[in-house]
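To start, the structure itself, in structure tokens.
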Amino acid sequence: MSAAGSSSTSIAAPPAGTVERWAFDLIRAEDLGSKLDPAACPRQFEDGAPVRDLRSPGRPPEFAAIDRAPKSPKTGALVRDAERAKLLHTFLHHEVQAAELFAWAILRWPDTPRSFRRGLTALAQEELLHARLYAEHLTHLGAAVGDHGVRDWFWERVPSCATPAEFCALVGLGFEGGNLEHMARFADVFDGVEDPVGARLLRRIAKDEERHVRFARRWFVRWTGPLAFDRWRAHLPAPLTPTVLRGTPLARGARRRAGLDEEFLDALERWNGAPSGS
């Protein structure tokens, strides 16, 4: 059964052959193949598109909902194929949510520049490629999509963004920025447990995520002014804070390549939940 619910089914579908319809269908898809590998995105935007605020996605049966997000396995447990597969299953679902939420932003803010929305389609398609690559490695590990339950944690938070600047602050500079740390850490772990294919996959995805963070930075700066830590923090929808948007150690090199300067990175690393200057 779809997770989309009445809040989504009451919203009329965009015209066929438009970017908006592609985004709408991606979010609403309830078939795993259509979700992970949708048709090519059209070039045509809908003229005068209205705001469409889908609040939850369609879910294939392989994505069985659970109440609590699965805990990341302890590093030592990742020597076992089944534990690495469980972790990658969670990462795969994160990629799917990211793709859906880029599509959501296209529908939510139809008055943003077309270059921004076109960029979102490219990011969505890259996230789905990542999901398919994870699915391939799951097979290599003797697992499959659907072996574990999932939680739509990002969907519970991102639609609270009131502006496209907040969306860029949370999704690109926030979640994807933090992913730079997580991918680097787990790639090293996968190397240590002799899964070089998995390690290369994580590093490839981390490299792609640098471009995603750079995209978010470019548009956040365009809408809010020069990038500053306190300005970014002010655009995070409550109750989220930088605490959950960074890993340890900070992937400073990757974040610098994504366009974040030393002053921002120093502030992010020092953040302890107290107001600036405390």
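The values are calculated or read from the model by the stated rules, or taken from the named source; none is laboratory data. Since this is a predicted model, take the numbers as computed values, not measurements. Cβ placement follows ideal geometry from the backbone for every residue including glycine, while neighbour counts extend to all protein chains displayed. When the accessible area is computed, the model is the full protein with side chains, heavy atoms only, and any ligands, DNA or RNA have been set aside. Shrake-Rupley method; radii C 1.70, N 1.55, O 1.52, S 1.80 Å.
Some observations on this one:
- Relative contact order (%) - criterion: Cα under 8 Å, at least six apart; region: segment 170-242: 38
- Förster radius 22 Å - calculated FRET efficiency between Asp188 and Asn272, Cβ distance, rounded to 0.05: 0.25
- Considering every alpha-carbon pair of the chain, the percent of pairs per 5 Å bin, from zero through the bin containing the longest distance, is 1, 6, 13, 17, 18, 17, 14, 9, 5, 1, 0.
- Rolled with a 1.4 Å probe across the full set of protein chains, the surface gives Glu263 an accessible area near 150 Å².
- What the Cβ-Cβ distance of Leu129 and Ala77 gives, at R0 = 35 Å and to the nearest 0.05, is a FRET efficiency of 0.80.
- Averaged per residue, segment 123-273 has 43 square angstrom of accessible surface, using a 1.4 angstrom probe with ligands and nucleic acids left out.
- Rounded percent of accessible protein surface that carbon and sulfur make up, the chain, 1.4 Å probe: 52
- Dividing the mean sequence gap of close Cα pairs (under 8 Å, 6+ apart) by how many residues segment 49-172 holds gives a relative contact order of 40 percent.
- With protein chains left intact and a 1.4 Å probe, residues in segment 31-112 average 47 Å² of accessible area per residue.
- Take Arg55: with every protein chain present and a 1.4 Å probe, its accessible area is about 110 Å².
- In this simple spin-label model, placing a label point 7 Å from the Cα along the Cα-to-Cβ direction at both Val244 and Arg218 gives a separation of 2.9 nm.
- Computed on segment 76-204, the Cα convex hull volume stands at 98 Å³ per residue.
- Equivalent ellipsoid semi-axes, segment 1-129, via Cα gyration tensor eigenvalues times 5, rooted, Å: 30, 16, 12
- Heavy atoms of Arg246 accessible to a 1.4 Å probe, total area in Å² rounded to 10: 60
- Under 16 Å from the Cα of Lys35 - aspartates and glutamates, other chains or at least 8 residues apart: Glu20, Asp25, Glu62, Glu95, Glu100, Glu126, Glu127, Glu136, Asp152
- Considering only alpha-carbon pairs that sit under 8 angstrom and 6 or more positions apart, the relative contact order computed for the chain is 17 percent.
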